[in-house]
Amino acid sequence: MLVTAPGALETILRRARRIAVLGIKPESRSTHDAHDIPRYLASVGYEIVPVPTRYPEAQTILGAPVRRSLAEVDGSVDVLSVWVKREQLEAFVPAIVRLRLGCVWVQSALLEPEVERALVDARLTVVEECIGCRRASIEPAWQRLSPA
């Protein structure tokens, strides 16, 4: 289901502990949102599981070992935060569906209707919004959240 209600989004973020980030950028690209926002999420207590789609030289990002594919991500991840280009996202749908995560959080304006339909048909919770913006809107914005 596509989730848009602010209260439901806050609940997802309060319950989440581990966030896998597909398309994360390494420290060498720290001014890009695909690094800066996961860094913010780590700073407020989430464990980040980096899954870059490029940067083969990166062994760790944000201090965590890099996973080279979604197949290397274990099921204890609560949210998959997606930072790949809009035209590349559809290629990742089969791997995303196989993960069976609680929530797929796609950054604003990246979700094509057919990708949304495939994820919803797979009974995944889908969010299309900036995860960093939503998290920053929940007080305390610079501290760990208490669980819902």
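Each Lys and Arg adds +1 at its Cβ and each Asp and Glu adds -1 at its Cβ; summed about the Cα centre, the chain shows a dipole of about 340 debye. Do any trypsin sites (Lys or Arg not before Pro) in the range 28-74 lie in a DSSP loop with no more than 15 other beta carbon atoms within 10 Å, and if so, which? Here the sparse-neighbourhood loop sites are ARG54, ARG68. Just need the relative contact order of the chain here, percent rounded to a whole number, with Cα pairs under 8 Å and 6+ apart. With pairs under 8 Å counted, the relative contact order is 29 percent. When THR125, THR31, THR11 are arranged by Cβ crowding within 10 Å, least crowded first, meaning fewest neighbours, the order is THR31, THR11, THR125.
GluC sites (Glu not before Pro) within the range 1-109: which are DSSP loop residues with at most 14 other Cβ atoms inside 10 Å?
Numbers: sites: GLU10, GLU27, GLU47, GLU57, GLU72, GLU87, GLU90; in loops: GLU57.
Hits after loop and neighbour filter: GLU57.
Spatial offset of the range 33-90 relative to the range 117-148 amounts to 15 Å, using the alpha carbon center of each.
Within 13 Å, Cβ to Cβ, of LEU119, how many net charges do the neighbouring residues add up to if Lys/Arg are +1 and Asp/Glu are -1? Net charge in that neighbourhood comes out at -2.
Applying a DSSP loop filter and a limit of 13 other Cβ atoms within 10 Å to the trypsin sites (Lys or Arg not before Pro) in the range 84-148 leaves LYS85, ARG100, ARG123, ARG144. Entry note, the chain: the mean residue ellipticity at 222 nm calculated from DSSP H runs of n ≥ 4, each adding -39500 (n - 2.57), is -10000 deg cm²/dmol after division by the residues and rounding to the nearest 500.
When DSSP assigns beta bridges and you keep just the ones with both residues in the chain, what percent turn out antiparallel, to the nearest 5? Once the DSSP bridges in the chain are tallied, antiparallel ones form about 10 percent.
Read-outs throughout are calculated quantities, based only on the coordinates presented, and are distinct from any laboratory measurement. Since the model is a prediction, treat every value here as computed from it, not as a measurement. Backbone-built Cβ (ideal geometry, glycine too); neighbour counts: all protein chains shown.
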